[in-house]
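Have a look at the structure below before the remarks.
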Amino acid sequence: MTLFEAKDVEALVGKGLRATVDGRTVHLGKPEMFLELGMTLPESLQHAVQQFADVGATAVVISNADQIVG
């Protein structure tokens with residue numbers, strides 16, 4: 001596994017963070033942030049997010065460029 005350095009890390013208060021990794025913009029944070037960014041959570045991920053919410057936890061989502069990857 002290759003690990004890359006995160007650069008230009010920016011906290012998005014109450015939402016998550018944005019950084020540049022290997023030349024691509026990466027977002028990490030609450031699912032709602034991705035909706036604000038115009039991204040659609042895959043149905044399977046929506047289900048997992050709801051399962052976390054049902055037990056009082058917050059799911060964390062990550063995107064690589066403009067694609068949600070987990």
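Each value in this text was obtained by applying a stated rule to the coordinates, not by laboratory testing. What you see is a predicted model, and the numbers here were worked out from it, not measured in a lab. All Cβ positions, glycine included, derive from the backbone under ideal geometry; neighbour counts span all protein chains shown.
Taking each DSSP H run with n ≥ 4 as -39500 (n - 2.57) and averaging over every residue of the chain yields -7500 deg cm²/dmol at 222 nm.
The slack in the chain from residue 17 to residue 55, taken as 0.36 nm per residue of separation less the alpha-carbon distance, amounts to 11.3 nm. Relative contact order of the chain: 26 percent, from C-alpha pairs under 8 Å at least 6 residues apart in sequence.
Residue 35 to residue 8: FRET efficiency via 1/(1 + (r/R0)^6), r the Cβ-Cβ distance, R0 30 Å, to the nearest 0.05? Numbers along the way, then the final one.
On the way: r = 23 Å, r/R0 = 0.77.
Here the calculated transfer efficiency is 0.85.
Between 0 and 90 degrees, the angle of helix 43-54 with respect to the longest Cα principal axis of the chain falls at about 70 degrees. Under a no-solvent Debye model with one identical scatterer per Cα of the chain, what's log10 I(q)/I(0) at q = 0.12, 0.15 Å⁻¹? Computed log10 I(q)/I(0) values: -0.33, -0.50.
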